[in-house]
Amino acid sequence: MRIIGLIGGISWVSTADYYKLINEGINEKLGGLNFSECLLYSFNYADIKKNNENNDWDSTFNMLLKGCQFLKSGGAEAIVLCANTMHFIADRLEKAIGLPIIHIATVTAVEIQKQEMKKVGLLGTKFTMELDFFKDKLVEKGIEAIIPKNDEDRDFIHTTIFEELGKGIVTDATKKRYLEIANQLIEEGAEGIILGCTEIPLVIKPGDIAVPVFDTALIHSNAVVEFQLS
């Protein structure tokens, strides 16, 4: 089994999901008492959030690079960033650390391509929705991503990710608003909805809306399992 290094704490809620999903995936493939051989470097989310608020991606890069170096020194053969937003610096990190980073957007694009979809809605932090690092990986596969047009909707998603979902808090009112936003994207032609933040599956489940949802944490975890067993 190939050893993986997880960069977590961004947030701890989704990191726990990654750990569970990856171990379950390995066990499903190998059975018995077989589970993932992995290392975890978990950050204090407050430090990352402070950098984000100041648009200080260089500080975040240096923090994550330190974590990646720690994991590499422990024997990790690939790095897994357990959050969509951090993939803004994934390509830069990959070059600096000299290990493959299993890119969440790339593996998500492959899953969308399997369903022969050409247009999907993308929900996530404002960084994920408004910057190009995620959408560009979709474009490479001939897939268009649309995001909520309304600034207030994007602000709502961004704020609740940090203030609620990242703390494991889920309310009926927040779920209702997320579904309204997703349904608006469907009306605009989205054939599926990307849950482009690893906490959004807390509020949008398969069957909640009329089109397929792409749970990036689950897709990413499955890709990690395939890498470990390759």
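The values are calculated or read from the model by the stated rules, or taken from the named source; none is laboratory data. Note that the structure is a prediction, hence the values are computed from the model and not measured. Don't worry about glycine lacking a Cβ; one is built from the backbone with ideal geometry, like all the others, and counts go over all protein chains shown. Keep in mind that these areas ignore ligands, DNA and RNA; they rest on the heavy atoms of the full protein, side chains included. Shrake-Rupley method; radii C 1.70, N 1.55, O 1.52, S 1.80 Å.
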Open item on the list: Quick check: net charge around V139, other residues with Cβ under 13 Å of its Cβ, Lys/Arg +1 and Asp/Glu -1?
Closed with: +1
TODO: Would you calculate a helix-derived [θ] at 222 nm for the chain, using -39,500 (n - 2.57) for each DSSP H run of n ≥ 4 and dividing by the full residue count, to the nearest 500?
DONE: -16000 deg cm²/dmol
- [ ] Quote the relative contact order of segment 105-214 in percent (integer), defining contacts as alpha-carbon pairs under 8 Å separated by 6+ residues.
- [x] 34 percent
TODO: Select from the chain the helices, each a whole stretch of DSSP H, whose alpha-carbon atoms run 15 Å or more along the helix axis and whose Kyte-Doolittle mean is at least -1.0; answer none if there are none.
DONE: 12-30, 57-73, 104-114, 151-163, 172-187, 216-229
Task: Average Cα contact separation per residue, the chain, under 8 Å, 6 or more apart, as relative contact order % - done: 26 percent
Task: Spin-label model distance (nm) - Q115 vs D172, 7 Å beyond Cα toward Cβ - done: 2.8 nm
TODO: Apply 1/(1 + (r/R0)^6) to the Cβ-Cβ distance of E187 and F35, taking R0 = 35 Å, and write down the FRET efficiency to the nearest 0.05.
DONE: 0.20
Open item on the list: If each residue of separation counts as 0.36 nm, what is the full-extension length gain between L229 and D56 once their alpha-carbon separation is subtracted?
Closed with: 58.6 nm
Task: Potential lengthening between E140 and F156 on full extension [0.36 nm per residue; Cα-Cα distance subtracted] - done: 2.9 nm
TODO: Calculate the length of the line joining the C-alpha centroid of segment 51-68 to that of segment 131-152, in whole Å.
DONE: 23 Å
Open item on the list: Probe of 1.4 angstrom, ligands and nucleic acids ignored: what's the accessible area per residue over the chain, in square angstrom?
Closed with: 45 Å²
Open item on the list: Cβ neighbours within 10 Å, averaged per peptide: list 58-69, 81-92, 28-39 in order, most packed at the top.
Closed with: 81-92, 58-69, 28-39
Task: Rounded Å value of the spacing that divides the Cα centres of segment 178-230 and segment 80-98 - done: 21 Å
Open item on the list: List the residues, sorted by chain then number, that are 5 or more residues from E144 or on another chain and whose placed amide H is less than 5 Å from its amide H.
Closed with: K119, V120
Task: Pairs from K119/K176; K95/K135; K50/K119; K20/K126; K72/K137; K20/K50 whose Cα-Cα separation, in the structure shown, is over 30 Å - done: K50/K119
- [ ] Averaged over every viewing direction, what's the projected area of the C-alpha convex hull for segment 105-214? Give it in nm², one decimal, please.
- [x] 6.1 nm²
- [ ] Quantify, in whole percent, the carbon and sulfur part of the accessible surface of segment 105-214 (1.4 Å probe; protein heavy atoms only).
- [x] 48 percent
